[in-house]
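Below: one structure, written as structure tokens.
The values are calculated or read from the model by the stated rules, or taken from the named source; none is laboratory data. Bear in mind the structure is a predicted one, so any value in this text is a computation, not a measurement. Counting neighbours? That spans all protein chains shown, and the Cβs are built from the backbone with ideal geometry, glycine included. Areas reflect the complete protein model, heavy atoms only, side chains present, ligands, DNA and RNA absent. Shrake-Rupley method; radii C 1.70, N 1.55, O 1.52, S 1.80 Å.
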Amino acid sequence: SPSRIVNVASYAAGGLDINDLNYEKRRYDSNGAYMASKQANRMISRAAAERFKDDGIIVHSCHPGVTTSNILREFGMAQGFESADAAAATPIFLASYEPASQLGTGKFWKDCREAGCEFVRNKKAVDTLWDKCKAYC
């Protein structure tokens, strides 16, 4: 079975400024930073999928579900909608599904189903983010 990378992202994603990843040119906002980081997770997953496919590594990102957590409280919500078990279902599905190759690679998943992702359609932005992240290494 191929190796797998499962990145936990979120459906609450967006607002990533590829030219200001560290909020040096704009005011920091914790909710905005969370959403931008989850957009970046999806984009990096797609970039990694493209780069690792010839090595037999499958990469996906997923929304795990909304469960009670400290970060949820930061968003002003007292509790989540799913149990911890339900929230774990999609990451576990992606990590254990056989044969893994049937799921493809570089996709975003929610509720154990492929979900479209607007952020990975812009290959130039995906590649730019990958390159910027590599520069941090």
* Using a 1.4 Å probe and ignoring any ligands, DNA or RNA, find the accessible area of T128 and quote it in Å² to the nearest 10. => 50
* Structure fact -> Result for region 1-107: accessible area per residue, probe 1.4 angstrom, in square angstrom, of 55
* Structure fact -> In nm, the gap between the two label points placed 7 Å beyond Cα toward Cβ at A33 and L103 is 3.0
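Give the ranking of I18, I92 by solvent-accessible surface, highest area first, calculated with a 1.4 Å probe.
I92, I18
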* To do: Using a 1.4 Å probe over the heavy atoms of the protein chains, calculate the carbon and sulfur portion of the accessible area of region 1-99 as a whole percent.
  => 51
* **Ranked order, E50, E98, E74 - accessible area, probe 1.4 Å, largest first** => E74, E98, E50
* Structure fact -> The farthest towards the positive end of the charge dipole of region 27-77, of the residues I58, S69, N31, given +1 on Cβ of Lys and Arg and -1 on Cβ of Asp and Glu, is N31
* Please report the relative contact order for the chain, taking Cα pairs under 8 Å with a sequence separation of at least 6, and give it as a percent rounded to a whole number. => 30
* Asked: A86 label point, 7 Å along Cα→Cβ, cut-off 14 Å on backbone N: hits in region 105-126?
  -> 111-112
* Structure fact -> Ranking Y28, Y11, Y34 from most to least accessible area with a 1.4 Å probe gives Y28, Y11, Y34
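Divide by every residue of the chain the summed helix terms, -39500 (n - 2.57) for each DSSP H run of at least 4, and state the resulting mean residue ellipticity at 222 nm, rounded to the nearest 500 deg cm²/dmol.
-13000 deg cm²/dmol
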